[in-house]
Amino acid sequence: MRAATTRMTRTANLPGPRRFFLAAVFAMGAVSLAQTERVAAASDRASPAKPAAYSAAQFAAVQTMVDAASAASGALAGEELTAWEKARTGLGAAIKGLAPAFGADGFNGRLKTLAGAWPALEQAADIAHARAAYLKVSDNLAQIVLETRAADTRLAKVVVYYCMDTADPANARWVQLAAPLANPFWGVHMDKMGPCCAEVKP
């Protein structure tokens, strides 16, 4: 009884109507406190403000990035180094293509963040190091996709997932052109980890 009361108290501070569902689930012991808080944090980031409509050139740049990001995530999920190296080259070109369309400070400074995070990804010599470096890059790309998806229905079928078992950043997100879910941060080990991932809903 005391444990259930503690769980309800710890979830009472969660913002929004979802705290009632999460509190009930947590009180039943279905998920851990850490998982509950991670779900809440991911939900906080899942609904970006609707931006202005993009021009044809801007949308084309984002679509190219989406295709490249999906290919990169798939290569890491499949633990295919050769495929990853090819996908990384394509992703680098696609990210560079965003700046002419949106400006160096585009997406609230995310393009600068991507530029700063890219060297570590470029230097990663194996899948393990690539995954570590991909976390920040992938999460920022996913946010760009969410913002674009809010403004343009042509990206409605693009899927964004998040993983509760990442630390820097927490609940790191990635982009896929379509289901099924394939976690680039854990790959073949994901099946041993339980329900740690979910889709970021529009």
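Are any of the residues in the stretch 172-185 under 22 Å from PRO202 (Cα atoms), surrounded by fewer than 17 Cβ atoms within 10 Å (Cβ to Cβ) and in contact (Cβ under 8 Å) with a residue 40 or more places away in the chain? Steps first, please.
If we filter the stretch 172-185 for residues that are under 22 Å from PRO202 (Cα atoms), which is where we start, we get 172-184.
Cutting the leftovers down to surrounded by fewer than 17 Cβ atoms within 10 Å (Cβ to Cβ) gives us 177-181.
Next, from what is left, pick out any that are in contact (Cβ under 8 Å) with a residue 40 or more places away in the chain: 177.
Looking for residues that are under 22 Å from PRO202 (Cα atoms), surrounded by fewer than 17 Cβ atoms within 10 Å (Cβ to Cβ) and in contact (Cβ under 8 Å) with a residue 40 or more places away in the chain, one finds at least one in the stretch 172-185, hence yes.
Kindly indicate whether any position in the stretch 91-100 is crowded, with 18+ Cβ neighbours inside 10 Å and of a type in the set (Gly, Ala, Ser).
Within the stretch 91-100, the subset crowded, with 18+ Cβ neighbours inside 10 Å is 91, 94-95, 98.
Those still in the list that are of a type in the set (Gly, Ala, Ser) too: 94.
Checked the stretch 91-100: at least one residue is crowded, with 18+ Cβ neighbours inside 10 Å and of a type in the set (Gly, Ala, Ser).
With the checklist (1) more than 27 Å from THR153 (Cβ to Cβ); (2) modelled with pLDDT of 95 or more in hand, flag the one item ILE95 doesn't pass.
Against the list (1) more than 27 Å from THR153 (Cβ to Cβ); (2) modelled with pLDDT of 95 or more, ILE95 comes up short only on (1).
Tell me yes or no: at least one residue of the stretch 136-146 is surrounded by fewer than 21 Cβ atoms within 10 Å (Cβ to Cβ) and over 15 Å from the mean Cα position of the chain (by Cα).
no
Which of the residues spanning the stretch 155-165 are in contact with a Lys or Arg (Cβ under 9 Å, 6 or more places away or on another chain) and of a type outside the set (Gly, Ala, Ser)? Show your work before the answer.
If we filter the stretch 155-165 for residues that are in contact with a Lys or Arg (Cβ under 9 Å, 6 or more places away or on another chain), which is where we start, we get 155-156, 158, 160-165.
Answer for the stretch 155-165, where residues must be in contact with a Lys or Arg (Cβ under 9 Å, 6 or more places away or on another chain) and of a type outside the set (Gly, Ala, Ser): LEU155, VAL158, VAL160, TYR161, TYR162, CYS163, MET164, ASP165.
The values are calculated or read from the model by the stated rules, or taken from the named source; none is laboratory data. Bear in mind that the values here come from a model prediction, so they are computed numbers and not experimental data. Note that we place each Cβ from the backbone using ideal geometry, even for glycine, and neighbour counts take in every protein chain shown.
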